[in-house]
1. Being in contact with a helix residue (DSSP H, G or I) (Cβ under 6 Å, 6 or more places away or on another chain) and free of Cβ contacts under 8 Å to residues at least 40 places away in the same chain narrows it down to one residue among Ala46, Ala52, Ala60; which is it?
2. Restricting the search to region 161-207, which residues are more than 13 Å from the ligand (Cβ to nearest atom), part of a helix (DSSP H, G or I) and of a type in the set (Ser, Thr, Tyr)?
3. Being touching a residue at least 24 places away in the same chain (Cβ under 8 Å), in a strand (DSSP E or B) and not hydrophobic (A, V, I, L, M, F, W, C): is that true of His385 here?
4. Between a first residue in region 104-129 that is in contact (Cβ under 8 Å) with a residue 60 or more places away in the chain and buried (at least 19 other Cβ atoms within 10 Å of the Cβ) and a second residue that is β-branched (Val, Ile, Thr) and in a loop (DSSP other than H, G, I, E, B), which pairs have beta carbons less than 8 Å apart while being 6 or more apart in sequence or on different chains?
5. Test Ala99 against the criterion of being more than 14 Å from the ligand (Cβ to nearest atom) and either surrounded by 22 or more Cβ atoms within 10 Å (Cβ to Cβ) or more than 28 Å from the chain's Cα centre (by Cα) (or both), and give yes or no.
6. Hey, can you tell me all the residues within region 506-528 that are of a type in the set (Gly, Ala, Ser) and either crowded, with 23+ Cβ neighbours inside 10 Å or more than 19 Å from the chain's Cα centre (by Cα) (or both)?
7. Any idea which of Val542, Val573, Val546 is of a type in the set (Val, Ile, Thr) and either farther than 30 Å from Asp408 by Cβ or under 23 Å from the mean Cα position of the chain (by Cα) (or both)?
Amino acid sequence: MRVTGTPLTVSGTIRAPGDKSISHRALIFAAMASGATRIRGILPSADVRATAGALRAMGARIPALSDDFVVHGQGVQSLHSPEATLDCANSGTTARLLAGLVAGLAGRSARFEGDASLSRRPMRRVADPLSAMGAHVTFMGAAGHDGLPMQVDGAALHGIRYVNAQASAQVKSALLLAGLTSGVAVTIDEPLRSRDHSERMLLARGVALAITSEGVTLPAGQVVQPADVIVPSDPSSAAFFVALAALADAGQLRLENVCLNPTRTGAFDVLQRMGAVLHVEDECDVGGERIGTLVVHPSTLRGTHISGAEIPRCIDELPMIACLAACAEGETRIADAQELRVKESDRIRGVVENLRALGAEIEELPDGMRIVGSRTPLAGHVVTHGDHRLAMAFGVLGALPGNQITIDDPGCVAVSYPTFWRDLSQSVGPVAPSMASAPASVAPSITGSSPLVIAIDGPAASGKSSTAQWVAKLLDVRHVDSGAFYRAITFLAVESGEVPESWTAASVLAHSGRVAWRLTERSVLPLVDGQDQDEALRGAAVTRHVSRVAAMAPVRAWVNEQVRSAGAAVDVVVDGRDIGTAVFPTAQLKVFLVADSWERARRRLLQRLGRRPTEAEIATETEALVARDAQDATQSAPAHDAVTIDTTTVTQEEQVERIVALARATRQRLGR
Ligand code: S3P
């Protein structure tokens, strides 16, 4: 148990989102089969959306990702070459698995690209064996760069026997997919076992795999049958909360529906060896995977050694384990983990540099690290390099009272765990008073308390957005403009060249993997392909089509999720429809602005025309507003606990002052 700062109490039950590996595979196998596959509980993250988008581009009929949907597969031979480059965003699984799929489809080609992080990751590990099977794989980047962009030209392949030296499940799965699409035999020897979701899912789909202690053999001529999937929670996501509960001082956390596949549970074994008190309840089998509820208690943690066959079983959790080790008693040594250097970032370097910057004692090793635990509070700024697992691992450390940790890019969690910050703030229990005076900073200070959310709602032209911006400035917190997210996704839909009349929620959301957000000093800024596109987002084409996109319920759900994840990471003022009801029902302060429709019309025209409008102009605008109010009526009822402010007869300055006063009172009430 840590002894720094105010005690940390954890409580509640968390259902971490769906397993990322299984989610990718569920989509791929559904697209390959002939017939209907029902998928429940898929992880709706940016990585999985990248796979969905790529499969759609090859002709697969994959609807918008939701908690329960059906893919009507047309058989693997129905997949065609995509017209455009496949954008794999940040997702190595998308690029490597789909490279295998395309490689075995004679006459079909695809070009793969990704973001800066994915473009740095090694692709020769799939290119070499796929080429040895007869596919043509060409690296399209600078000379000597064996990563994305990469072109795969499919062919009628021949079989292969391959030693999976890096214990990579992505390589293994790519070769199995190539063997399946070309109908040839593939044997993969695994000196160290990598995760086996592909094998389990293929067996459940009628594929006659032979699995031995040496590896796996796919016989020639196998066909993937459709089979429904219920995706269990991702153990790699649950691990952050197992660590949090183990580091806490009181309470317990329950993590339900966690995938307990033995190739994935290395982190739980390591944590138990370190002294974590955890047990499993309600174990059962679902779709060929063992699942259960993990119950974790505060624990006294000590250092350990992790190496060899255990590494692939906890590879994605090593950043979290290293952070935990910095708070444990004694030394922890991680060896044989050189694979960490080619993940979304060099995770050995990233963990070592960040932990050292926070004040921990840590040494970088070529294939791992050595950490000496301590009870000294950790303080400083974490640079995530856009790596989701670093953001979450340090987010857990930041939630411990006594630590003062800021994180540069909390939004990067969207690739695997979009609701991470919300779950974190909900699980750390009541506000810890010692955190009340955490210094304001450009980056978020992840503290033991839920961030302050001020939700401003009201009918059209009630001045929500300008008021919210002004309030945020005076309170020195960030403003979230949900409209900017609608604009970002609309911009990408416009850019795709598809005619707006044919847009569907699925076709629009296929681009969502390219939208992320970043904190600036004043706002939560949506990024498109990692860039601030503010000017383009305000362009005429976006303005013309944004309301079409905003009317799509799945798009609204996606925007709400973005806004929520920002509001779970930092204090925010946020305005928009349903903000206090659907998006932030637990916002600590909700304001509902109302004004007489004539007055709203007058203000809107004043702003639009830049002069005093005539009575006739106001009358016409009022009519339009009243009609719009009627349309919006169901959406824009105030939350039952909202403070309604009638702004008809007050200036904007006065209404801003009222809200700021309410916010200060709220802060005081919460002890901040
Ligand atoms: C994955 C395999 C692992 C893992 C990654 C997901 C998969 O990578 O780190 O997050 O779904 O197959 P490698 O196969 O590169 O080890």
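1. Values: Ala46 fails: free of Cβ contacts under 8 Å to residues at least 40 places away in the same chain; Ala52 fails: free of Cβ contacts under 8 Å to residues at least 40 places away in the same chain.
Answer to the selection: Ala60.
2. Taking region 161-207 as the starting set, the residues that turn out to be more than 13 Å from the ligand (Cβ to nearest atom) are 161-163, 178-187, 189, 191, 202-207.
From the residues that got through so far, the ones that are part of a helix (DSSP H, G or I) too are 178-182, 202-204.
Across region 161-207, the qualifying residues are Thr181, Ser182.
3. Working: touching a residue at least 24 places away in the same chain (Cβ under 8 Å): yes; in a strand (DSSP E or B): no; not hydrophobic (A, V, I, L, M, F, W, C): yes.
Against the criterion (touching a residue at least 24 places away in the same chain (Cβ under 8 Å), in a strand (DSSP E or B) and not hydrophobic (A, V, I, L, M, F, W, C)), His385 does not qualify.
4. Gly104/Val184
5. Details: more than 14 Å from the ligand (Cβ to nearest atom): no; either surrounded by 22 or more Cβ atoms within 10 Å (Cβ to Cβ) or more than 28 Å from the chain's Cα centre (by Cα) (or both): yes.
Taking the combined requirement at face value, the residue does not satisfy it.
6. Taking region 506-528 first, the residues of a type in the set (Gly, Ala, Ser) are 506-507, 510, 512-513, 516, 523.
Result: Ser507, Ala510, Ser512, Gly513, Ala516, Ser523.
7. Values: Val542 fails: either farther than 30 Å from Asp408 by Cβ or under 23 Å from the mean Cα position of the chain (by Cα) (or both); Val546 fails: either farther than 30 Å from Asp408 by Cβ or under 23 Å from the mean Cα position of the chain (by Cα) (or both).
Going through Val542, Val573, Val546 in turn, just one is of a type in the set (Val, Ile, Thr) and either farther than 30 Å from Asp408 by Cβ or under 23 Å from the mean Cα position of the chain (by Cα) (or both): Val573.
Listed here are the residues, each with its yes/no results for (1) farther than 29 Å from Gly411 by Cβ; (2) more than 16 Å from the ligand (Cβ to nearest atom).
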| residue | (1), (2) |
| --- | --- |
| Pro17 | no, no |
| Ile28 | no, no |
| Gly35 | yes, yes |
| Pro82 | no, yes |
| Arg111 | no, yes |
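The values are calculated or read from the model by the stated rules, or taken from the named source; none is laboratory data. Just so it is clear, the structure is predicted and the values come from calculations on it, not from any experiment. Positions of Cβ are backbone-derived with ideal geometry, glycine not excepted, and every protein chain shown enters the neighbour counts.
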